[in-house]
Amino acid sequence: MSIAWDDSFAIGDEEIDADHRAMMALIGRLQTVTSGLSDGEAIVSAISQLRDLCFGHFVREEALQGRIGFPDIEAHRLGHQMLLKRLDAVLKHFADGSDQIRFGILRTLGDSLATWMIFHITRGDSEMRPYVEAINHKRRRYSSRRRDGADHRPRLGP
Ligand SMILES: [Fe+2]
Ligand SMILES: [Fe+2]
């Protein structure tokens, strides 16, 4: 399964969208390096990078969810934790296992991560879009009011 960014994946927050692009690019690279067992170091490095990127992304995304009042943060957080546990288990099996185990992991890893990534955005993170839009809208209105220099304080008395 090939994975590539599409603008329809954007949720409207620059930092989160940039994370998603970077995660997709890394999963694409992982698919390339896992197509052979020849370079174990490159494989472990790509999985570790993805794990670190996901960890940072989840911290940023959960903080954003708190700021925008996103409901059901806990269920979403569980999904994030499950992926981190899975990547940790993959790294451990890859370090401890035989070539047969490594081959078994790598045969499906890239595609299953690509599927997870698309699902993560289209079924989970996309639900943040209206909340992000509402916050962005408020921010734009506030900054345009400040730019026009007018006094928008409520008037008291006649
Ligand atoms: Fe998420
Ligand atoms: Fe995300």
Inset, instruction - Starting from the range 97-123, keep only residues that are under 24 Å from residue 79 (Cβ atoms) and within 14 Å of ligand 2 (Cβ to nearest atom), then list their pairs with residues that are assigned to a helix (DSSP H, G or I) and of a type in the set (Phe, Trp, Tyr) whose Cβ atoms are within a distance under 9 Å, requiring at least 6 positions of separation or different chains. - result: 118/9; 121/9; 122/9
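Go through the range 33-53 residue by residue and tally those that are in a helix (DSSP H, G or I), surrounded by fewer than 19 Cβ atoms within 10 Å (Cβ to Cβ) and without any contact (Cβ under 8 Å) to a residue 60 or more places away in the chain.
So the answer is 9.
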Legend entry - Answer residue from the range 11-32, given it is assigned to a helix (DSSP H, G or I) and among the β-branched types (Val, Ile, Thr) and is farthest from ligand 2 (Cβ to nearest atom) among those: 32
Legend entry - Options 29, 86; residue that is within 16 Å of ligand 1 (Cβ to nearest atom) and either touching a residue at least 40 places away in the same chain (Cβ under 8 Å) or surrounded by 14 or more Cβ atoms within 10 Å (Cβ to Cβ) (or both): 86
Legend entry - Single condition residue 3 does not satisfy, out of (1) outside any helix (DSSP H, G or I); (2) touching an Asp or Glu at 6+ places or on another chain (Cβ under 7 Å); (3) under 19 Å from residue 83 (Cβ atoms): (2)
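Go through the range 56-83 residue by residue and tally those that are loosely packed, with under 14 Cβ neighbours inside 10 Å and closer than 19 Å to residue 114 by Cβ. Give the derivation first.
Within the range 56-83, the subset loosely packed, with under 14 Cβ neighbours inside 10 Å is 56, 59, 63, 66-67, 69, 71-75, 78, 81-82.
If we keep only those that are closer than 19 Å to residue 114 by Cβ as well, we get 82.
So the answer is 1.
No lab work stands behind these numbers, since they all come straight from the coordinates. Just so it is clear, the structure is predicted and the values come from calculations on it, not from any experiment. So basically every Cβ, Gly included, is an ideal-geometry build from the backbone, and we count neighbours across all protein chains shown.
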